[in-house]
Amino acid sequence: MKQTKSKLYLIVMAIMSLFFIGCVPDIPRKNPVGLAFPQVQGTSLKGNPYTIPDDFSGKPRLLLIGYIQDSQFDIDRWLLGLTQLKTPVAISEIPAVPGIIPRMTANKIDSGMRSGIPREDWGSVITVYKDADTITNFTGTADPLNSRVALLDRNGKIIWFHDRGYSASLVSDLDRVVRSLNTSSVE
């Protein structure tokens, strides 16, 4: 009887996890350009703790923020475009996973991400669980398949933002902004 109860408990938890992992509250789009990115805590897939944006101060940083697993497709397109253009900026992927169930299963979720991401890229993927709501409230979550692309200046202020899906013309615009930012910060 005890074994049956524990199996039932595991089944219920698995179903709840699947339900909650894919659920993101519907928060209208926001344009955070000109605002400082909120301070949040995360951990890279390598296991290193980060305080965002503080740990990136002094240099521009591009954040590719995803709220659901399926936003990885959009993130990958941005990464490919930026890589092809050789955009000179440090990039961090930020899976922001809100909710109590994901926090309870964070190790399992991170393990799943590690299995699909090459080891050499683990340091640039910083998962945010506890403070994910801070990010979702800051950027909005409309159309969660689309990543949130936020370019931070060296002080952590957002100077470029996009949340409507990959665009070849916009990746070129982002590249131009990064290059002008790098030129102006050298002078």
Number of the exception - Ser71 against (1) of a type in the set (Ser, Thr, Tyr); (2) out of contact with any Phe, Trp or Tyr (no Cβ under 9 Å at 6 or more places or on another chain); (3) surrounded by 17 or more Cβ atoms within 10 Å (Cβ to Cβ); (4) not in a helix (DSSP H, G or I): (4)
Given the structure, is Leu80 surrounded by fewer than 20 Cβ atoms within 10 Å (Cβ to Cβ) and either of a type in the set (S, T, N, Q) or in contact with a strand residue (DSSP E or B) (Cβ under 7 Å, 6 or more places away or on another chain) (or both)? no
Any chance segment 139-151 includes a residue that's under 14 Å from Tyr67 (Cα atoms), assigned to a strand (DSSP E or B), among the hydroxyl-bearing types (Ser, Thr, Tyr) and under 13 Å from the mean Cα position of the chain (by Cα)? no
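Is it true that Ile65 is surrounded by fewer than 18 Cβ atoms within 10 Å (Cβ to Cβ), in contact with a strand residue (DSSP E or B) (Cβ under 7 Å, 6 or more places away or on another chain) and aliphatic (A, V, I, L, M)? Walk me through how you get there before you give the answer.
Values: surrounded by fewer than 18 Cβ atoms within 10 Å (Cβ to Cβ): no; in contact with a strand residue (DSSP E or B) (Cβ under 7 Å, 6 or more places away or on another chain): yes; aliphatic (A, V, I, L, M): yes.
Here the answer is no, as Ile65 does not meet what is asked.
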Return the pairs, sorted by first residue and then second, in which the second residue is in a helix (DSSP H, G or I) and of a type in the set (D, E, K, R), the first residue lies in segment 119-133 and is within 12 Å of Leu64 (Cα to Cα), the beta carbons are less than 8 Å apart, and the residues are 6+ apart or on different chains. Thr127/Asp110
I'm checking my understanding of the structure. Among residues of segment 100-132 that are under 12 Å from the mean Cα position of the chain (by Cα) and not in a loop (DSSP other than H, G, I, E, B), which one is surrounded by the fewest Cβ atoms within 10 Å (Cβ to Cβ)? Ser124
Restricting segment 58-100 to residues that are without any contact (Cβ under 8 Å) to a residue 60 or more places away in the chain and among the small types (Gly, Ala, Ser), the one farthest from Arg164 (Cα to Cα) turns out to be Ala90
Would it be correct to say that Val33 is loosely packed, with under 14 Cβ neighbours inside 10 Å, of a type in the set (Val, Ile, Thr), at pLDDT 95 or above and within 17 Å of Trp160 (Cα to Cα)? yes
Ile158 passes all but one of (1) more than 20 Å from Leu80 (Cα to Cα); (2) at pLDDT 95 or above; (3) part of a loop (DSSP other than H, G, I, E, B); which number fails? (3)
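The values are calculated or read from the model by the stated rules, or taken from the named source; none is laboratory data. What you see is a predicted model, and the numbers here were worked out from it, not measured in a lab. Neighbour counts are summed over all protein chains in view; Cβ atoms, including those assigned to glycine, are modelled from backbone coordinates with ideal geometry.
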